[in-house]
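Report on the following structure.
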Amino acid sequence: MDAINDFLKAALPYTEWPMFILLIGGGLFLVFYSKFLPYRFFGHAIAITAGKYDDKNAKGDVSSFQALSAAVAATVGLGNISGVAIAIHDGGPGVVFWIWMTALIGMGIKFYSCSLSIMFRGTDSDGKLQGGPMFYITKGLGERARPLAIFFAVCGLFGFLGVFTANQFTETFMNVVEPSSSLFAMSELNWKLGVGMVLAAITSVVIFGGLTKIAKVASAIVPFMVMVYLIAVLVVMGLNSDQILPSLKMIFTEAWNFNTIVTGGFWGLVIIGVRRAMFSNEAGLGSAPMYHGQSKTDNPIKEGLVAMLGPFIDTILVCTFTAVVIILSGAYLEDQSGIVMTLTAFERTLFGFGDDLLMLIVTAFALSTLFTYSYYGVKCLSFLTNAKIGKFYNWYFVAMIVFAAVASLDLVKNLIDLSYALMVIPNMIAVLLLAPKVNTAAAEYFKKIRNAKA
């Protein structure tokens, strides 16, 4: 494992700057190119999500709300609870500001990429409707761009593994339950293996049921788990209301700390924020278009507007609340990282049993994320081979859950960071090249809306 980790760590610096330029530079271009359209029609996006503009005769497998729930289920999870803690550990409180900035840009990226997922849908070897980066690359840019789609799909075989989630769920269990002091005394390794196997078994029940089952479970779990988590956070903030403004002030002041101890100085701080924001909301990564490409809609702009709500929910809201709790509790001052830091913050601020409540929340987050992530990998393998072979990805996915349970946080973090950075490159190239087609479709869509109201 050490050799693999050393290789991943050595490869990361070569992928950071291309990722940064495409994600931030390309994202800013899209924000201005759209004339701030995603932000101006935020209310309209909520109305679409609520089903006000649903077309029952449209092609697709799931509703826009189910697609958004499934996509948010893959992003609102341990990336928001543990990922924020990792970011603060690596870069200090100021890194949260750069997470916000990346998320706002990410709303524009998701509008374009998920609009393209409907605009350029294809079919798999079974004749089923499919959407996502592989399809808008090959159908939008043409067959000459197929190598980009293949590169994306190969990286996705690793990037869409649920290793981070499985690893951090296991750490949560080990810290909260403290199995070493239980009647079932076993080594730490055996406990982690056991947790990994149980997690793998539960995940298998859902993911082998296919997209429809995943979407139904996700749309049932996601709203509830987000509500419970936000209530817990709001209680903490209410009990420590005098510390909210100082915590937010610290985020803003530390964001411009040019003397930061972060490796790489100020730009190192920004890159950490970009990394963790991308892990939180996956804007630019190309995962959400895979779900939104299955939506029951024939209008790409409607789906793009629904999709852009994702970064707002999982990063602007959930990540901010997590960060404030970590900062006001003082947990960030200790030499802790990942889920352990967040557990400490909740235990201190919720009458001593906050870590137990967080354990329940993390369980829901972890399972919903694992359910949805497997689908991304199936689509990647199906594109590289065919739909029948693609289903075997689930076996590989389940096996890697057990592996991740016993692996180090450093290893799984480096694996995901490298895979994500590589996936951004082909996806953002395609989104930027195809952006004019989205603008044309958007002009037509809003013209119809205006005429309907007239």
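Touching an Asp or Glu at 6+ places or on another chain (Cβ under 7 Å) and modelled with pLDDT under 85: does that describe GLN294? When the stated conditions are applied, GLN294 passes them. Residue check: is ALA430 among the small types (Gly, Ala, Ser), in a helix (DSSP H, G or I), surrounded by 21 or more Cβ atoms within 10 Å (Cβ to Cβ) and in contact with a Lys or Arg (Cβ under 6 Å, 6 or more places away or on another chain)? Here the answer is no, as ALA430 does not meet what is asked. Evaluate region 364-385: report whether one residue or more is over 19 Å from THR322 (Cβ atoms) and free of Cβ contacts under 8 Å to residues at least 24 places away in the same chain. Checked region 364-385: at least one residue is over 19 Å from THR322 (Cβ atoms) and free of Cβ contacts under 8 Å to residues at least 24 places away in the same chain. Confirm whether PRO289 is open to solvent by less than 10 Å² (accessible area, probe 1.4 Å), under 24 Å from GLU16 (Cα atoms) and at pLDDT 85 or above. Yes; evaluated as a whole, the condition is true for this residue. Just wondering, is there one or more residues in region 348-359 that are surrounded by fewer than 24 Cβ atoms within 10 Å (Cβ to Cβ), in contact with a His (Cβ under 9 Å, 6 or more places away or on another chain) and modelled with pLDDT under 80? Within region 348-359, not a single residue is surrounded by fewer than 24 Cβ atoms within 10 Å (Cβ to Cβ), in contact with a His (Cβ under 9 Å, 6 or more places away or on another chain) and modelled with pLDDT under 80.
Taking residues in region 232-258 that are over 20 Å from LEU343 (Cα atoms), and partners anywhere that are small (Gly, Ala, Ser) and surrounded by fewer than 16 Cβ atoms within 10 Å (Cβ to Cβ), the pairs with Cβ atoms closer than 8 Å and at least 6 places apart or on different chains are PHE258/GLY265.
Pairing residues of region 1-22 that are without any contact (Cβ under 8 Å) to a residue 60 or more places away in the chain and over 30 Å from LEU433 (Cα atoms) with residues that are buried (at least 17 other Cβ atoms within 10 Å of the Cβ) and not hydroxyl-bearing (Ser, Thr, Tyr), at Cβ distances under 8 Å and at least 6 apart in sequence or on separate chains, gives no pairs at all.
Out of everything in region 395-454 that is among the aromatic types (Phe, Trp, Tyr) and modelled with pLDDT of 90 or more, what residue ends up being nearest to PHE160 (Cα to Cα)? For region 395-454, the residue satisfying everything is PHE397. Might you check whether a residue that is outside any helix (DSSP H, G or I), closer than 27 Å to GLU254 by Cβ and not aliphatic (A, V, I, L, M) occurs anywhere in region 346-367? Within region 346-367, none of the residues are outside any helix (DSSP H, G or I), closer than 27 Å to GLU254 by Cβ and not aliphatic (A, V, I, L, M). With the requirement that a residue be over 17 Å from MET174 (Cβ atoms) and open to solvent by less than 10 Å² (accessible area, probe 1.4 Å), what does region 328-347 give you? Hits for region 328-347 are ALA331, ALA345. On the basis of being of a type in the set (Val, Ile, Thr) and modelled with pLDDT under 90, does ILE389 make the cut? No: the conditions fail for ILE389. Exactly one residue out of PHE152, PHE164, PHE135, PHE111 is open to solvent by less than 60 Å² (accessible area, probe 1.4 Å), at pLDDT below 90 and assigned to a helix (DSSP H, G or I): that is PHE164.
Within 23 Å of the chain's Cα centre (by Cα), in a helix (DSSP H, G or I) and among the aromatic types (Phe, Trp, Tyr) - does that describe any residue in region 406-423? The answer is yes; a qualifying residue exists.
Taking region 297-327 as the range and being within 17 Å of PRO38 (Cα to Cα), open to solvent by 10 Å² or more (accessible area, probe 1.4 Å) and either of a type in the set (Phe, Trp, Tyr) or touching a Cys at 6+ places or on another chain (Cβ under 6 Å) (or both) as the test, only PHE312 passes.
The values are calculated or read from the model by the stated rules, or taken from the named source; none is laboratory data. Note that this is a predicted model, so its numbers are computed, not measured. A quick note on method: Cβ atoms are made from the backbone with ideal geometry, for glycine too, and the neighbour counts reach across all protein chains shown. Surface areas here come from the heavy atoms of the whole protein model, side chains and all, with no ligands, DNA or RNA. Shrake-Rupley method; radii C 1.70, N 1.55, O 1.52, S 1.80 Å.
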